[in-house]
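Engineer: Okay, here's the structure, questions in a sec.
The values are calculated or read from the model by the stated rules, or taken from the named source; none is laboratory data. The model shown is predicted, which means the values in this text are computed figures rather than measured ones. Every residue, glycine as well, gets a Cβ built from its backbone with ideal geometry; the counts of neighbours run over all protein chains shown. Accessible surface is based on the protein model in full, side chains and every heavy atom, while ligands, DNA and RNA are left aside. Shrake-Rupley method; radii C 1.70, N 1.55, O 1.52, S 1.80 Å.
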Amino acid sequence: MSPVQTAVTHAVELDGVAVRFRSKKTDVTALRDVSLRVADGEFVTIVGPSGCGKSTLLKLASGLLRPSSGAVRLRGDTVTGPRRDIGYVFQRAALLDWRTARRNILLQAEMRHMPSADAEKRTDELIAMTGLTGFEDAYPHELSGGMQQRVALCRALLHKPPLLLMDEPFGALDALTREQMNVELRRIWRETGTTVLLVTHSIAEAVYLADRVVMMTARPGTVAGVIDVDLPAERDYVRTMADPEFARATRHIREHLGATSASD
Ligand code: ADP
Ligand code: MG
């Protein structure tokens, strides 16, 4: 590091990262020269065509996958293996059928051997925050898709992770539920102050949620551009959809992604 460089640490930092999957049968370069910095407390969304390496990028940040070259750092620490200081939410809620909503959330505490009084208190807070009050004792099959994702979100937030990774978390929900979850996720993000890195196929979702949107190219995935979303912090859904900045940002992304796939 040069002496003039300031020691700003980022929540997430990818520095010239490449990921190549090689086996006897395959040789796929999933990511190529990806550099990205996410500030503490920022909400960053990632959009790009299917197979461009979005999930791979989240796996790198979680330490589930090591880069073939380049470096991945969380708060300045090089990631060398699975990290415990993150929360992960996937497209499927992946709840245990035989446990109630509350006990599914508490699974996180059991895996981490958290003191049970703390875990119970935090669970109560999260249930209230995510609007699950009244459904604590319901089993997954008794919950709607949106409710199940709320439970998954509570489970991911139980240990107050400084970084929340979300991989197409609302992709399986109907359009209206998805909008409602977008509104609630932004509110929850503002209440918790956690850094969020979220992958989505939806351009509208990417813009509504984010401070910045990362646009990726088709495989081998790389960062094609990053745009700032200049919308107010408080985002009423209907008003945001009608905001000229929302139209500008979504058009920019659409043109960009269209151009990328056309040149592929
Ligand atoms: P996305 O989430 O953007 O749809 P992924 O990150 O899942 O894309 O995958 C990027 C590319 O890497 C795809 O071509 C996929 O087939 C390939 N890939 C992902 N994981 C593996 C793996 N474990 N082994 C081999 N290829 C993989
Ligand atoms: Mg994926």
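Engineer: Is there a residue in segment 175-197 that is surrounded by 18 or more Cβ atoms within 10 Å (Cβ to Cβ), over 24 Å from Gly131 (Cα atoms) and of a type outside the set (Ser, Thr, Tyr)?
Structural biologist: Within segment 175-197, not a single residue is surrounded by 18 or more Cβ atoms within 10 Å (Cβ to Cβ), over 24 Å from Gly131 (Cα atoms) and of a type outside the set (Ser, Thr, Tyr).
Engineer: Of all residues in segment 79-113, how many are touching a residue at least 40 places away in the same chain (Cβ under 8 Å), farther than 21 Å from Leu165 by Cα and out of contact with any helix residue (DSSP H, G or I) (no Cβ under 8 Å at 6 or more places or on another chain)?
Structural biologist: Total meeting the criteria: 1.
Engineer: Of all the residues that make up segment 23-36, how many are more than 11 Å from ligand 1 (Cβ to nearest atom) and without any contact (Cβ under 8 Å) to a residue 60 or more places away in the chain?
Structural biologist: The number of residues fulfilling the criteria is 1.
Engineer: Looking at Ser144, Ser116, which one is closer than 30 Å to Val238 by Cα and either open to solvent by 20 Å² or more (accessible area, probe 1.4 Å) or in contact with a strand residue (DSSP E or B) (Cβ under 7 Å, 6 or more places away or on another chain) (or both)?
Structural biologist: Only one candidate passes the filter, namely Ser144.
Engineer: On to the next question. Output yes when any residue across segment 174-192 is part of a loop (DSSP other than H, G, I, E, B) and among the small types (Gly, Ala, Ser), and no when none is.
Structural biologist: No; the residues of segment 174-192 include none that is part of a loop (DSSP other than H, G, I, E, B) and among the small types (Gly, Ala, Ser).
Engineer: Please go through segment 101-113 and pick out each residue that is more than 22 Å from Gly171 (Cα to Cα) and either open to solvent by 50 Å² or more (accessible area, probe 1.4 Å) or in contact with a Cys (Cβ under 6 Å, 6 or more places away or on another chain) (or both).
Structural biologist: Passing the criteria: Arg103, Glu110, Met111, Arg112, His113.
The rows are residues; the columns are (1) touching a Phe, Trp or Tyr at 6+ places or on another chain (Cβ under 6 Å); (2) more than 9 Å from ligand 1 (Cβ to nearest atom); (3) over 20 Å from Thr80 (Cα atoms).
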{"position": "Val12", "(1), (2), (3)": "no, yes, no"}
{"position": "Asp15", "(1), (2), (3)": "no, yes, no"}
{"position": "Val19", "(1), (2), (3)": "no, no, no"}
{"position": "Val38", "(1), (2), (3)": "no, yes, no"}
{"position": "Thr45", "(1), (2), (3)": "no, yes, yes"}
{"position": "Gly53", "(1), (2), (3)": "no, no, no"}
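Quick grid of which residues meet (1) modelled with pLDDT under 95; (2) more than 13 Å from the chain's Cα centre (by Cα); (3) within 16 Å of ligand 1 (Cβ to nearest atom); (4) not aliphatic (A, V, I, L, M):
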| position | (1), (2), (3), (4) |
| --- | --- |
| Glu125 | yes, yes, no, yes |
| Ala172 | yes, yes, yes, no |
| Thr177 | yes, yes, no, yes |
| Gln180 | yes, yes, no, yes |
| Val199 | no, no, yes, no |
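Engineer: Considering only residues that are closer than 17 Å to Ala152 by Cβ and among the aliphatic types (A, V, I, L, M), which ones fall in segment 111-127?
Structural biologist: Answer for segment 111-127, where residues must be closer than 17 Å to Ala152 by Cβ and among the aliphatic types (A, V, I, L, M): Met111, Ala119, Leu126, Ile127.
Engineer: For Leu165, work out the one condition from (1) among the aliphatic types (A, V, I, L, M); (2) open to solvent by 40 Å² or more (accessible area, probe 1.4 Å); (3) under 27 Å from Gly76 (Cβ atoms); (4) not in a loop (DSSP other than H, G, I, E, B) it doesn't fulfil.
Structural biologist: Single failed check for Leu165: (2).
Engineer: Can I ask one more? Anything in segment 223-252 that is among the charged types (D, E, K, R) and touching a strand residue (DSSP E or B) at 6+ places or on another chain (Cβ under 6 Å)? List them, or say none.
Structural biologist: Asp228
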